[in-house]
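Visitor: Before we start, here is the structure in question, set down as structure tokens.
The values are calculated or read from the model by the stated rules, or taken from the named source; none is laboratory data. What you see is a predicted model, and the numbers here were worked out from it, not measured in a lab. Cβ: placed from backbone, ideal geometry, glycine included. Neighbour counts: every protein chain shown. Note: accessible area is taken over every heavy atom of the protein model, side chains too, but ligands, DNA and RNA are not part of it. Shrake-Rupley method; radii C 1.70, N 1.55, O 1.52, S 1.80 Å.
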Amino acid sequence: MTTKEFKLFNDMMKKSADAVPFVQILDENAKLVNKGLKSSLTDDELVALMKNLVWGRTVNERLILAGRQGRIGNLPPSEGQEASQLATLFAMKKTDFLFPTYRDVIPLISHGMPMKNAVLWYRGHVAANILPEGVHGLPAQVIIGSQYVQAAGLGMAYKRDGKDQVAMTYIGDGGSSQGDFYEGINFAGVFESQTVFIVQNNQYGISVPRDMQSKAPTLAQKAAAAGIPGIQVDGMDPLALYEVTKLAREYTMAGNGPVLIETLTYRFGPHTLSDDPTRYRTQEELDEWLEKDFMIRMRKHLGEKGIWNEEMEQEVINQTTEEMNEALDAADNEPKQKVSQLLRNVFEVPTPRIAKEIKMYELKEEN
Amino acid sequence: MAIKNMVQAINEALTQEMERDERILVFGEDVGTNGGVFRVTDGMSDKLGIDRVFDTPLAESGIMGMAMGLALGGYRPVPEIQFSGFTMEAIDGLLGQLARHRYRMGGTEGVPVTVRSTFGGGVGTPELHSDNLEGLFSQSPGIRIVIPSGPYDAKGLLTASIRNNDPVYFLEHLKLYRSIKEEVPEESYEIPLDKAHVVQEGTDITIVTYGAMVHESKKAIESLEKDGISIELIDLRTVAPFDIDTILASVKKTGRVVVVQEAQRLTGVGNQIMAEIAEGAMYELEASIGRVAAPDSHFPFGQAESVWLPNAKTIEEQVRNTMAE
């Protein structure tokens, strides 16, 4: 190969990694930059969104505290990602179906799961997973990837039935390396499912940095392989997150098939409370991201508009703290789960073998 | 009553169920226009619409996940995994998700998905086509594994599986597809799940088996009966969870038992059956529990299948040994 030929080939290869659109509306200095889109949120909606975000941050803080006090089991906190979770969800309808991961219990609460259930989930109690009538979602998925193929299937069911409903699902940057990630977006594309896929790129899959997950410059561009649109959005910009998700919902509802959204965010805390992030990332990096925190820019932006102040924020914090305390107490009062009941849940009608085991455990539980 | 093979019986069951309930969908690789790699779904997309009997991309995990999502949306999916070995690509979807769902949801909702797949030796398939994975999958709670031994059973068991509200892994033995022909009623009927079939009654010894080995056992029985040995033959039909009560009742009557499976000694459901018999009928046994199984290698390359697979001769030999104890 001549140098000229190689240069030509090299140029061709570079072109194969197409750039994806990047959307930012509110930058780190709380300036409206409108890179690609403008915010359509009214002042009332902005306040409602801000309340959600403060609520989410407080829930995280209270859960971490409860974790340290031993009042819940192991916790995967999502501090730093609340905008990525709650501003995207803010754009969806209550009847849309949410497939969360283990780090998305907070958006599941926002979608209708009682706080008490969340506490029970962290404690490992089956009652957590019994969602009240009208809450459209599944319990948090622990294995990574399954929810993507399932969301493709449910989005297809909605499309077949002509429903005004969308399947929406989260995954992390680590999860986007899973085979099911591709199978999910590919199936959804082929069957034009009413599905919105969100990759919350929080920069680490447990301890492994984003650039060790994939050579792809963006995770959004993985959509191209499935022939569906992919878009990257500033995950610390609630306005952009809302706008992109709202339009993605409209796009899929208009019969265009699914959309993949990558949110560029950061997990401030550890992977779980038993993880030590100082082993794999620097304080300097964390500090950089802390400066990008959506709370800073939202406080400033809404403050400048005169629609948000410290007292309002404190009121949400107080309410949320109370809500959490009530949920922890309510969870304390939840009857202990019984193995005999768990056995009843394996099949619709217990098999003869399980029926015998139920009797055995009922006796054990009496003693 | 018309004589049908298993392919026709399964096609009839699927068609009739889909005509009865419009929420049933059949999908998988090549099942639509092509009618399936073994023509099991032949003509169904013409009759029921290509939107209800349709092809998917070549990705088993995607098929399983889509089935789960459709079930969450109120459908009753009957996906096809072309060959059992390919199910390995979708184990999370099958065992991690479908089988777990009702339990996970505190018993409040199930996922009525019947996954059809093929398996079984004797037809010289390439690797990963014939693997007997029923034992491996039978160790998961929350899912039934159903294996018909002939056309009549296939139609009734598949109908019952589709109507069941829990997931079913329905395994069709490749060798039985066209080799066994039986009278199969035109009308729809169910054969109850979780119940074994006493194919013939006997007093001296019990053979417990399933799938193609039912037919090998029948051949062995023909020869053994000439020597005056009276054999009770049990076809499990549902291999997980299996019907231990029928097995124990028979073993207590005959006092001797041989468990026969095509799968390797390591896998299959034989181990579990033997353990249950040892627990439940030890003192009624007049001989040790006999076992017929394939050796503990991976499924053999086609040219070695005839030696690797258990057959009527191995069954006959084991029965004679057990009788002699």
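Visitor: Give the residue that is nearest to the other protein chains (Cβ to nearest Cβ), with candidates limited to residues of region A:156-206 that are over 28 Å from A:MET236 (Cα atoms) and of a type in the set (A, V, I, L, M).
Guide: Only one residue tops the list, namely A:ALA157.
Visitor: While we're looking at this one, here's another question. Can you name every residue in region A:117-140 that is open to solvent by 10 Å² or more (accessible area, probe 1.4 Å) and free of Cβ contacts under 8 Å to residues at least 60 places away in the same chain?
Guide: A:ASN117, A:TRP121, A:TYR122, A:GLY124, A:ASN129, A:ILE130, A:LEU131, A:PRO132, A:GLU133, A:GLY134, A:VAL135, A:HIS136
Visitor: What's the number of the only condition in (1) more than 9 Å from chain A (Cβ to nearest Cβ); (2) assigned to a loop (DSSP other than H, G, I, E, B); (3) without any contact (Cβ under 8 Å) to a residue 60 or more places away in the chain that B:GLY74 fails to meet?
Guide: (1)
Visitor: For region B:289-310, name all the residues that are among the small types (Gly, Ala, Ser), surrounded by fewer than 18 Cβ atoms within 10 Å (Cβ to Cβ) and closer than 21 Å to B:TYR210 by Cα.
Guide: Selection gives B:SER297, B:SER306.
Visitor: Which residue is surrounded by the most Cβ atoms within 10 Å (Cβ to Cβ), if the candidates are limited to region B:46-63 and must be part of a helix (DSSP H, G or I) and within 7 Å of another protein chain (Cβ to nearest Cβ)?
Guide: B:GLY62
Visitor: I want to confirm something. Restricting to region A:33-67 and keeping residues that are basic (Lys, Arg) and modelled with pLDDT under 95, which single residue is most open to solvent (accessible area, probe 1.4 Å)?
Guide: The extreme case among them is A:LYS38.
Visitor: Taking A:GLU28 as meeting all but one of (1) under 27 Å from B:GLY106 (Cα atoms); (2) part of a loop (DSSP other than H, G, I, E, B), write down the number of the exception.
Guide: With (1) under 27 Å from B:GLY106 (Cα atoms); (2) part of a loop (DSSP other than H, G, I, E, B) applied to A:GLU28, the lone miss is (1).
Visitor: Between A:THR351, A:THR320, which is modelled with pLDDT of 95 or more and hydroxyl-bearing (Ser, Thr, Tyr)?
Guide: A:THR320
Visitor: Turning to a different aspect of this structure: For residues in region B:159-209 being of a type in the set (A, V, I, L, M) and part of a loop (DSSP other than H, G, I, E, B), which is nearest to the other protein chains (Cβ to nearest Cβ)?
Guide: Top of the filtered list is B:LEU193.
Visitor: B:LEU14: open to solvent by less than 10 Å² (accessible area, probe 1.4 Å), within 14 Å of chain A (Cβ to nearest Cβ) and either out of contact with any helix residue (DSSP H, G or I) (no Cβ under 7 Å at 6 or more places or on another chain) or under 23 Å from A:ASP161 (Cα atoms) (or both), yes or no?
Guide: The answer is no for B:LEU14.
Visitor: Pairs please, first residue from region B:132-149 and under 21 Å from B:PRO192 (Cβ atoms), second anywhere and at pLDDT below 95 and crowded, with 24+ Cβ neighbours inside 10 Å, Cβ atoms under 8 Å, 6+ apart in sequence or on different chains.
Guide: Hits for this filter: B:GLU134/B:GLY268.
Visitor: Looking only at region A:278-291, which residues are open to solvent by 50 Å² or more (accessible area, probe 1.4 Å) and closer than 29 Å to A:VAL316 by Cβ?
Guide: A:ASP287, A:GLU288, A:LEU290, A:GLU291
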